[in-house]
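A quick write-up on the structure given underneath.
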Ligand code: DC
């Protein structure tokens with residue numbers, strides 16, 4: 001049997017609201033690695049589909065759009081930018097329209113195939129902490145370190161609410177003065193997260209699932225710093241690097 005060589009990469013998967021992005025960013029910094037937010041590439045496809053008024057049920061048309069997505073990660077600053085047809089669309093990929101369309105776009109096997117190739121090409125040299133849904137299973141099947149972050153639906157809803165209140169682009173209401181969310185708005189958000197989880201877990205290709213060799217961590221009772229510390233300790237051993 002040929003054993004494939006393990007790559008010097010870290011895979012972080014898990015549902016939305018588990019702190020994956022922040023943890024990945026801080027962990028990458030601590031390790032001296034680059035962080036890759038793979039969700040941004042699917043968001044760039046959605047942005048392209050909206051720009052081109054593409055029928056989201058048309059897999060071939062969405063795949064054409066996917067082929068025009070590129071990504072750049074600055075080696076010095078670590079800053080990541082995504083492009084559609086050469087246009088930097090990074091500022092627009094977190095809009096509610098893109099967020100709504102992305103689950104539909106990300107279920108398409110041909111779109112996923114184009115994105116996975118892009119993600120593999122971007123990280124081929126190693127030294128990446130990549131976060132997403134299928135990193136440990138599909139993008140980095142040979143990564144030395146794989147983590148699956150999880151937390152209860154309630155905790156993830158509360159975290160997302162806090163993020164929305166802190167970030168003007170995430171305001172629940174279109175009014176200029178931030179307001180406390182109503183019970184209905186909280187319930188709607190909870191349902192949106194639950195539906196997105198279900199779409200991510202049930203899709204036929206690249207579903208959200210912990211890789212058999214991933215370390216599963218429930219971040220519900222951990223602060224971000226505690227989570228980063230826990231992951232860092234494991235990475236130091238598995239990647240055989242010197243601790244800070
Ligand atoms: O992490 P995020 O919310 O930015 O992800 C956006 C969407 O892309 C979400 O519906 C999950 C999907 N996604 C995926 O299917 N595979 C990945 N590796 C990353 C994200």
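The values are calculated or read from the model by the stated rules, or taken from the named source; none is laboratory data. As the structure is a computational prediction, the values presented were derived from the model and not from experiment. Quick reminder, even Gly has a Cβ in these numbers, built from the backbone with ideal geometry, and neighbours come from all protein chains shown.
Out of region 19-28, which residues are touching a strand residue (DSSP E or B) at 6+ places or on another chain (Cβ under 8 Å) and more than 10 Å from the ligand (Cβ to nearest atom)? Scanning region 19-28 gives 19, 23, 24, 25, 27, 28. Can you confirm whether region 129-141 contains a residue that is in contact with a helix residue (DSSP H, G or I) (Cβ under 7 Å, 6 or more places away or on another chain) and at pLDDT below 90? Within region 129-141, not a single residue is in contact with a helix residue (DSSP H, G or I) (Cβ under 7 Å, 6 or more places away or on another chain) and at pLDDT below 90.
Would you check if there is a residue in region 169-178 being within 16 Å of the ligand (Cβ to nearest atom) and either in contact with a strand residue (DSSP E or B) (Cβ under 7 Å, 6 or more places away or on another chain) or modelled with pLDDT under 95 (or both)? Scanning region 169-178, I find at least one residue that is within 16 Å of the ligand (Cβ to nearest atom) and either in contact with a strand residue (DSSP E or B) (Cβ under 7 Å, 6 or more places away or on another chain) or modelled with pLDDT under 95 (or both), so the answer is yes.
From 101, 121, 130, 110, grab the single residue that is within 23 Å of residue 209 (Cα to Cα), within 10 Å of the ligand (Cβ to nearest atom) and free of Cβ contacts under 8 Å to residues at least 60 places away in the same chain. Answer to the selection: 101. Within this structure, residue 146 passes the test of being in a strand (DSSP E or B) and at pLDDT 90 or above.
Yes or no, residue by residue, for (1) more than 19 Å from residue 150 (Cα to Cα); (2) within 16 Å of the ligand (Cβ to nearest atom); (3) over 17 Å from the mean Cα position of the chain (by Cα):
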| site | (1), (2), (3) |
| --- | --- |
| 35 | yes, yes, no |
| 58 | yes, no, yes |
| 68 | yes, no, yes |
| 83 | yes, no, no |
| 87 | yes, no, yes |
